[in-house]
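Read through the structure below, which is laid out as C-alpha cells, and then see the notes.
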Amino acid sequence: MTQIFAYIPHQGGVAADIALEYPAAAAKIDASSTLTAVVTGSGPDLDKVANGLTSIYKEVIKIDNAALAYPNAEVVRKALVNVLDASAIVFAPNDTFGMDLCPGLSIKMDSAYVADAVDFEGMEGSLLKVVRQELGGAVSTHVTCDTAAGAVITLRPGAFIPVEAGAAGGTIVDKSADAGDLAAKRRFLEIVEAEVGDVDITKSDVLVSVGRGIEEEENIEIAQELAEAMKAVVSCSRPIVDAKWLEKSRQVGTSGQTVKPKVYMAMGISGSFQHMGGIKGNPFIVAVNKNPKAPIFQVADVGIVQDILEFMPELTEKVKSM
Amino acid sequence: MEILVCVKRVPDTAENEFELNSAGNDLDRDDLVFSVNEWDNYAVEEAIQIVDNVGGSVTVVTVGDDESEEVLRREMAMGANNGVLLSDDAFEGSDGKGIASILKAEVEKGKYDLILTGAQADEGAGQIGGMLAAMLDLPYASLVNKIEAGDGKTVKVGREIEGGNQEMNEIDLPCVLSIQTGINEPRYVGIRGIRKVASVEIPVHSAADLGVDANVIGKDNAKVKRVDYFVPDLGEGAEMLEGSTEEIIDALIEKLKSKGGL
C-alpha cells in the first residue's frame, strides 16, 4: 500500500483544479494507495478549502499559520517537512508554485524527485514507472523513480482525468501545531498584475498566433496582414514576447493570456504544453509548421506542413479576393 | 557581487528534428546540433548586467564532458570573467540530485553572493536551482524575471506566475535564483568575441578535486533514471492537408468558413 500526500494549492477559498486530478494519478501508481490531501494557509479561506476537499478525499491535513497566508515556497516547504512522512510520495502541480517548492522539498525530505509527470505506468517493487516529456515536448520518455525512501512528484495540470467531487465524507486533521519554526529568508512583498495591452486577445473569436517560425520581427507584418484579412487579431507564443517583438498582453499560454477563440491559427508554433495551457474552450486549431514532427500537430484539428512565411501571404491574397 | 551561473550544453530544439535511433530507445544523436541552453543565456546576461552596475565578477560553470567547454567559452565571449568545467567519468548518468551535489561542491570552493541557473533545460525538470539551494541552505526563487540589486544584503526579485502576473519577493543574500527567459535581451556574441577567449585556460575539476560524495553521483546512485525515449502518442492528431499550396488553401478556407473563422 502506497501512502501519497497531495498538496493542494488554493486561492480565495477555492482549491486548484488539480485537486480533482490527483485521485486518478494515485490510482495509476497503485490502486490500493492511500491518498491524503494537504492544505496550507491561514484563517477562514483555509477552512473553506479544507471543508470542500472532504467531498473528494477521505483525509485532509490542514496546516494553519499566519506565515502561510501567502504560499511562499520556502515557508510551505518547512511546514511540509515537519508534518509529512518523508517515506511517502508527495504530489504537487507542475506550475509556477510547484516548480518553486518541489526540487528543494525533495532534498529536505531526502526523497527522489520527478518533475512534470504526464502519466504513470504502475510500480514494480519500489520502482515507479513515470512518463515525461523532454525537449519542449518533442520526445517522450519513460523514467523509473525509486520511491523506497519517498518521492516528490509534480504532475502536469490537465494530464490526468479529473474525478467528480462526491460525498467522500472525509475528515480534517489539524496539524498546525506540528508546523514548527516558519521563519524565512525570502519574504513575499506583493503581486504586480499584468499590464493591459492595446488589444485584448481574449475577446477575439479568431486568433492568428505566431511563434518562432516567424523568424524576424519584420515578418510580424505578414501575420498582421493575414489577421486583418480574416478580421482576426494577432497573438503569439512566448519567444515572440521574450524577443520583444510583441507585447506581453499578446502572449497565449500559462504565463500569458488564457484565450477562448472559435478558431486558433497556430503559425510556426511548436505547441509546448505551456502554450496550449492558455487555450481553452476547444477551438478549431489550424497548425502550419514546416517541421512535420512539431508537437502542435498532435493537438491541432488541421495540420499543414509549410513555411509560414510563404504560406501566410498566399492565404492572405486568397482571403482578400473572396 | 560575485556571481556563479550554472549553464548546460543541450540539443538545440530550434535547430533539430528529433528522431529515434533504429532500436527506438534513444535519440538519433549522430547529427544533433548542440548549443547553450536558452534559459542560461538570459541568466548569464543578467549576471553580466548586475556586475556592470555594482561591480564584481561572473563565473560560468557546467557539468559535462570535453565538448561542454564550448558553451563555457561562448558565455565567456558574452562577458563572463571565468569558466569552470566539472568533468569526470564518475558524473555520467547522475540524476538531478547528483548534478546538484556536484555543483554544490564547486559553490563551496568559492564565495558567491548570487548563484543563477536557467529556469529549466532540455529535460524540462527545472530542478537544479531549487535542489542546489536546499543543499546549501540558501533561499531560492524560481522563474525570476526581474532582479533589483539592493543594499548588498538582500535583492528584490520578481517571479513569473500564472496569467502574466509577477510575484515580488525580498530575498537575503547569498541566494540561488533560476532565471526565466525574457528578463533581458542576451547580447549577440560575434566571432571576434569567441576568438578573444579561444585560448583562455578553463580549469577542469574532477570528483576528487571537488571532494564529492561518491554515493550521490553517477548512474548507480541515481534514484531517477531514464529508461527510453519514444514518440508521443497524443490521440488522433491533426487531419493533414496535402497537395499544392493552392489546393491546401482552398481546402483550408472551406474548413475555416464552416468553423466561423471567415
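What's the number of the condition A:Arg187 fails, among (1) in contact (Cβ under 8 Å) with a residue 60 or more places away in the chain; (2) part of a loop (DSSP other than H, G, I, E, B); (3) within 28 Å of the chain's Cα centre (by Cα)?
Going through the list (1) in contact (Cβ under 8 Å) with a residue 60 or more places away in the chain; (2) part of a loop (DSSP other than H, G, I, E, B); (3) within 28 Å of the chain's Cα centre (by Cα), A:Arg187 breaks only (2).
List the number of the failed condition for A:Ser126; all other conditions in (1) under 21 Å from A:Glu21 (Cα atoms); (2) over 20 Å from the mean Cα position of the chain (by Cα); (3) more than 9 Å from every other protein chain (Cβ to nearest Cβ) hold.
(1)
Suppose we filter region A:26-78 for residues that are free of Cβ contacts under 8 Å to residues at least 24 places away in the same chain and under 21 Å from the mean Cα position of the chain (by Cα); how many remain?
Total satisfying the criteria: 1.
Name the strands (runs of 3 or more DSSP E) wholly within region A:194-293 that hold at least 2 residues that are touching a Phe, Trp or Tyr at 6+ places or on another chain (Cβ under 6 Å) and at the interface with chain B (Cβ under 10 Å from one of its Cβ atoms)? Please lay out each step first, then the result.
Numbers: elements: A:206-210, A:233-236, A:263-267, A:284-288.
The strands (runs of 3 or more DSSP E) meeting that bar are A:284-288.
Can you tell me which residues in region B:29-51 are acidic (Asp, Glu) and open to solvent by less than 10 Å² (accessible area, probe 1.4 Å)?
So in region B:29-51, the residues acidic (Asp, Glu) come out as B:30-31, B:38, B:40, B:45-46.
Correct list: B:Asp40, B:Glu45.
Residues are listed down the side, and each one gets a yes or a no for (1) assigned by TED's automatic domain parsing to the domain that holds A:Ile29; (2) open to solvent by less than 50 Å² (accessible area, probe 1.4 Å):
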position: A:Leu128; (1), (2): yes, yes
position: A:Cys145; (1), (2): yes, yes
position: A:Asp174; (1), (2): yes, no
position: A:Ile191; (1), (2): no, no
position: A:Glu228; (1), (2): no, no
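What pairs can you find where one residue is in region A:79-105 and among the polar types (S, T, N, Q), the other is assigned to a helix (DSSP H, G or I) and at pLDDT below 95, and their Cβ atoms are less than 7 Å apart, with a gap of 6+ or different chains?
A:Thr96/B:Glu162
Residues in region A:171-182: is at least one free of Cβ contacts under 8 Å to residues at least 40 places away in the same chain, touching a strand residue (DSSP E or B) at 6+ places or on another chain (Cβ under 7 Å) and away from chain B (no Cβ under 11 Å)? Reasoning before the result, please.
At the first step, the residues of region A:171-182 found to be free of Cβ contacts under 8 Å to residues at least 40 places away in the same chain are A:177.
Those left that are additionally touching a strand residue (DSSP E or B) at 6+ places or on another chain (Cβ under 7 Å): none.
No, the conditions are met nowhere in region A:171-182.
Report yes if some residue within region A:100-117 is assigned to a strand (DSSP E or B), out of contact with any Ser or Thr (no Cβ under 9 Å at 6 or more places or on another chain) and in the same structural domain as A:Pro44 (by TED's automatic domain parsing); otherwise report no.
Step one: list which residues in region A:100-117 are assigned to a strand (DSSP E or B), which gives A:112-117.
Among the residues that remain, those that are also out of contact with any Ser or Thr (no Cβ under 9 Å at 6 or more places or on another chain) are: none.
No - not one qualifying residue is present in region A:100-117.
Restricting to region B:176-192, name every residue that is open to solvent by 20 Å² or more (accessible area, probe 1.4 Å) and either at negative phi or touching a Gly at 6+ places or on another chain (Cβ under 7 Å) (or both).
First, pick out the residues of region B:176-192 that are open to solvent by 20 Å² or more (accessible area, probe 1.4 Å): B:182-183, B:185-192.
Once the filter is applied, which keeps residues that are open to solvent by 20 Å² or more (accessible area, probe 1.4 Å) and either at negative phi or touching a Gly at 6+ places or on another chain (Cβ under 7 Å) (or both), region B:176-192 yields B:Ile183, B:Glu185, B:Pro186, B:Arg187, B:Tyr188, B:Val189, B:Gly190, B:Ile191, B:Arg192.
On the given criteria, is B:Lys146 on the phi < 0 side of the Ramachandran plot and either buried (at least 21 other Cβ atoms within 10 Å of the Cβ) or over 20 Å from the mean Cα position of the chain (by Cα) (or both)? Please lay out each step first, then the result.
Working: on the phi < 0 side of the Ramachandran plot: yes; either buried (at least 21 other Cβ atoms within 10 Å of the Cβ) or over 20 Å from the mean Cα position of the chain (by Cα) (or both): no.
Answer is no for this residue.
Among the residues of region A:183-221, write down those that are hydrophobic (A, V, I, L, M, F, W, C), in contact with a strand residue (DSSP E or B) (Cβ under 6 Å, 6 or more places away or on another chain) and modelled with pLDDT of 95 or more.
First pass over region A:183-221, keeping only residues hydrophobic (A, V, I, L, M, F, W, C): A:183-184, A:188-189, A:191-192, A:194, A:196, A:199, A:201, A:206-208, A:210, A:214, A:220.
From what's left, in contact with a strand residue (DSSP E or B) (Cβ under 6 Å, 6 or more places away or on another chain): A:188-189, A:191-192, A:199, A:201, A:206-208, A:210.
Residues satisfying the conditions are A:Phe188, A:Leu189, A:Ile191, A:Val192, A:Ile201, A:Val206, A:Leu207, A:Val208, A:Val210.
The values are calculated or read from the model by the stated rules, or taken from the named source; none is laboratory data. Just so it is clear, the structure is predicted and the values come from calculations on it, not from any experiment. No Cβ is skipped: glycine too gets one built from the backbone with ideal geometry, and neighbour counts run over all protein chains shown. Only protein heavy atoms, including side chains, enter the accessible area calculation; ligands, DNA and RNA are left aside. Shrake-Rupley method; radii C 1.70, N 1.55, O 1.52, S 1.80 Å.
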